[in-house]
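What follows is a short report on a single structure.
The values are calculated or read from the model by the stated rules, or taken from the named source; none is laboratory data. Computed from a prediction, not measured in an experiment: that's the story for all the values here. So basically every Cβ, Gly included, is an ideal-geometry build from the backbone, and we count neighbours across all protein chains shown. All accessible areas refer to the heavy atoms of the entire protein, side chains included, with ligands and DNA or RNA removed. Shrake-Rupley method; radii C 1.70, N 1.55, O 1.52, S 1.80 Å.
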Amino acid sequence: MLTRRGWQRIFISHFLRFSWGLVLCSILFFACKPETPQQPNVQVPAWARGATWYQIFPERFRNGDPNNDPMFRDTFGSWPHDTVSAWQPSPWTADWYRLQLWEAANGRNFNANAARRRFGGDIQGIIDKLDYLKELGITAIYLNPMFESPTLHKYDTELYHHIDNNFGPNPDRDREIWATENFADPATWKWTTADSLFLKLIREVHSRDMRIIIDGVFNHMGVTNPAFRDVVENGQASPYADWFIIKSWDDPNTPENEFEYQGWYGVKDLPEVRREGDNLAPGPAALVRAVVKRWMDPNGDGDPSDGIDGWRLDVAELVPKGFWRDFRKWVREINPEAYLTGEVWWEDYRNHKMFNAAPWLQGDIFDAVMNYRFADGLLKYFVDTHNAYDAKGLHAHLQQVLDDYPQDINYVLMNLLSSHDTERLASMVINPNRMIDHESSADRHPNFQVRKPTVEERETQKLIVAFQTLYLGAPMIYYGDEAGMWGADDPDERKPMVWPDLIYEPEKAMPDGSERAADEVYFDWDLFNYYKAMLALRREHETICHGDYRFEEVSNSPHVFAFSRNDGKQGILCLFNRVLTPQEVALPERFQQHEMLHGGENLAFTTESRYLLAGKSAVVLLTNAK
């Protein structure tokens with residue numbers, strides 16, 4: 001017969017077995033349980049959440065100093081490599097497609113002549129128009145490449161440590177200064193007149209509580225770069241022989257020149273920098289590090305306030321991630337609040353597939369990317385007529401982007417609509433049912449229309465801009481879109497800026513030399529004021545910059561899209577009707593009591609909680625958050 005102590009021992013034994021069983025099961029459960037995806041620890045600059053970006057293509061923004069305009073020799077080394085035919089600076093206000101007499105004389109087509117054109121945009125022109133940008137509502141500027149280069153676009157860098165001499169006040173003096181330096185030895189670098197004026201631009205931008213970033217092109221250089229020239233001249237004996245991807249060296253014992261190198265996507269004007277493991281070759285990497293220091297802390301005193309506020313990194317997906325991780329460390333050591341955004345765009349251009357840029361946005365590379373996926377979604381909803389998104393389709397598209405990227409990143413993504421690499425927004429509206437950056441000019445697609453937008457098409461542009469301004473993320477305006485500019489893809493999207501103090505020739509020439517009905521060219525004040533009003537809403541209501549985003553189902557119509565923003569203090573409801581026909585909407589209960597922020601005339605009360613939203617309109621309502 002078991003004693004009381006015996007029963008206790010049996011009980012304890014079974015209890016321990018049971019307890020250990022529970023522990024073991026718990027261990028197995030948590031070991032086998034799928035891991036919940038964790039948001040990476042991402043730290044983005046606080047100021048970038050409230051940024052409204054403006055992209056400037058420097059050679060085409062404003063000619064503030066005609067005395068520094070490019071001369072013929074400044075174009076040497078750039079495509080189409082014509083150093084013989086007649087050449088002159090191009091008139092800022094001319095009919096874009098019309099060839100000047102000196103252009104027609106060389107027998108080349110429009111595109112070849114457009115590559116030779118120089119219009120004289122410069123740093124002084126940007127300084128002169130900073131108050132214009134401030135009035136518009138811009139808080140941050142992104143400049144396309146500024147470094148010395150023979151091309152109009154300057155993606156073929158000659159000297160990273162100098163601003164292009166034709167952007168500054170004394171091009172000849174700058175050339176003299178270059179001649180006293182060793183481009184590869186930062187200890188010999190001096191400041192040119194263009195450099196000094198650029199530093200003044202930085203000061204002027206900062207004095208207006210604005211930020212400025214510049215384009216960093218480190219995947220490739222130009223054929224005029226002194227390192228590459230040395231390799232061409234000296235072959236394997238060059239101290240820079242390991243800087244580039246050389247496929248074959250010239251054999252001096254043969255009459256042929258076997259020298260062959262890799263250019264960006266085969267473009268020989270853009271020799272690519274050599275990779276070494278998950279990084280760039282040591283020589284170019286060291287040069288880039290010195291360039292980062294030069295432009296982020298120009299006087300080297302440890303205070304970055306006199307330097308740029310960050311970088312936009314060109315063709316970032318082609319550069320090894322290890323280099324970008326080092327680059328981020330170099331940048332953040334100088335300025336912990338610096339902003340880094342990458343161009344991570346086409347994964348498969350032919351099959352219309354854009355990158356999910358998440359691998360570059362985990363907190364150790366970039367703070368943002370140029371968000372072409374955003375533009376793609378809006379075009380499929382507001383512009384396309386065949387296989388277009390309905391409201392739920394657009395929501396799914398946008399939500400996928402939000403889900404792909406860390407939450408903090410979504411607030412600082414560059415939500416652009418057009419850029420220096422795409423057709424302009426107005427021309428996107430004119431030419432529906434295409435993929436952005438595809439079939440985007442008259443020579444790529446015979447039916448692409450290069451005309452001015454109609455009144456209705458302008459209303460569509462306004463709808464898209466309103467959405468861009470109110471949506472989660474940082475809107476980016478490409479120079480001149482707010483002024484009414486239109487244009488196909490490269491080179492047409494790089495026309496000289498339209499200013500109200502200049503008189504422009506009507507556009508009637510076509511790229512093939514024929515003519516169309518004339519389009520008047522002038523600064524569109526109505527459109528400018530619309531942009532200005534929308535950006536003012538963003539500036540005046542913090543919830544637009546910092547609040548959450550929620551898709552709202554307010555209508556059975558596929559033509560109505562609605563979303564709300566909420567920061568715990570205020571709630572904002574944004575309604576969009578993409579068609580001319582009025583659409584019925586039902587406001588969410590929390591917005592029954594509201595203040596009208598924008599478009600009040602476009603929302604008519606019908607019955608309890610139901611309204612009629614006017615055609616081609618955007619309405620913005622404000623309420624206290626609940």
| request: Could you provide, to the nearest whole Å², the per residue accessible area of region 95-248 with probe 1.4 Å? | output: 34
| note | Residues whose modelled amide H sits under 5 Å from the amide H of Ile212, counting only those 5 or more places away in sequence or on another chain, are Ile141, Asp309
| said: Let's test the formula: R0 of 45 Å, r as the Cβ-Cβ distance of Glu333 and Lys353. What FRET efficiency results, to the nearest 0.05? | reply: 0.80
| note | Contour minus Cα-Cα span, Thr188 to Val579, at 0.36 nm per residue, comes to 134.6 nm
| Kirkwood hydrodynamic radius of the chain, Cα pairs, Å | 26.8
| said: Need one number: % antiparallel among DSSP beta bridges in the chain, to the nearest 5. | reply: 65
| Between Ser609 and Ala105, what length in nm is gained on full extension when 0.36 nm per residue of separation is reduced by their alpha carbon distance? | 174.6 nm
| query | GluC sites (Glu not before Pro) within region 584-626: which are DSSP loop residues with at most 11 other Cβ atoms inside 10 Å? | reply | Glu608
| note | Diffing region 538-550: the Karplus 3J(HN,Hα) column from phi (6.51, -1.76, 1.60, θ = phi - 60°), in whole Hz with x for Gly and Pro, holds 4, 6, 7, 10, 4, 4, 5, 8, 10, x, 6, 10, 9
| If you roll a 1.4 Å probe over the chain with all protein chains in place, what percent of the accessible area is carbon or sulfur? | 52
| field | Residue list for region 186-205, given a label point 7 angstrom along the Cα-to-Cβ vector of Asp303 and an amide N cut-off under 18 Å | value | 199-205
| message | Taking 0.36 nm per residue of sequence separation and subtracting the Cα-Cα distance, how much length would be gained by fully extending the chain between Asn529 and Thr180, in nm to one decimal? | response | 120.7 nm
| task | Report, ordered by chain and residue number, the aspartates and glutamates lying within cross-link reach of Lys392, taken as a straight Cα distance under 20 Å and ignoring same-chain residues fewer than 8 apart. | result | Asp376, Asp384, Asp403, Asp404, Asp548, Glu552, Glu553, Glu584
| field | Estimated [θ] at 222 nm from DSSP helical runs (n ≥ 4, -39500 (n - 2.57)) normalised by residues in the chain, nearest 500 | value | -9000 deg cm²/dmol
| said: Output wanted: per-residue J couplings in Hz (rounded whole) for region 206-218, from phi through Karplus 6.51 cos²θ - 1.76 cosθ + 1.60, θ = phi - 60°, x for Gly and Pro. | reply: 5, 5, 9, 6, 10, 10, 9, 10, 10, 7, x, 10, 10
| task | Keeping all protein chains in place, calculate the accessible area per residue for region 259-341 (probe 1.4 angstrom), answer in Å². | result | 37
| Dividing the alpha-carbon Rg of region 170-329 by 2.2 N^0.38 Å yields what? | 1.18
| Which whole-number percent is the relative contact order of the chain (Cα, under 8 Å, 6+ apart)? | 12
| Roughly what would the spin-label model give for Arg539 and Gln236, points 7 Å off Cα along C-beta, in nm? | 6.2
| task | Hey, can you grab everything whose amide H is under 5 Å from the amide H of Ile245? Only 5+ residues off in sequence or another chain; H modelled, so Pro and N-termini drop out. | result | Gln262, Glu272, Arg274
| Residues of type aspartates and glutamates that Lys380 reaches as a straight line, Cα spacing below 13 Å, ignoring anything fewer than 8 places off in the same chain | Asp390
| remark: A student applying the Cα gyration tensor rule (rounded when a/c is under 1.5; otherwise prolate if a/b is larger than b/c, oblate if not) would label region 395-542 oblate
| Per-residue HN-Hα couplings for region 459-473 [Karplus 6.51, -1.76, 1.60; θ = phi - 60°; Hz; x = Gly/Pro] | 5, 5, 4, 4, 4, 5, 5, 4, 4, 4, 5, 8, 6, 5, x
| remark: With all protein chains in place and a 1.4 Å probe, Phe523 shows an accessible area in Å² (nearest 10) of 10
| request: Calculate, in whole percent, how much of the Cα-Cα pair population of region 280-351 lies beyond 21 Å. | output: 30
| Over region 442-513, how many percent of alpha carbon pairs lie in each 10 Å bin up to the one with the longest distance? | 15, 42, 34, 8, 0
| message | At a threshold of 8 angstrom on Cα-Cα distance, excluding pairs fewer than six apart, so keeping six or more, what relative contact order does region 476-626 reach in percent? | response | 17
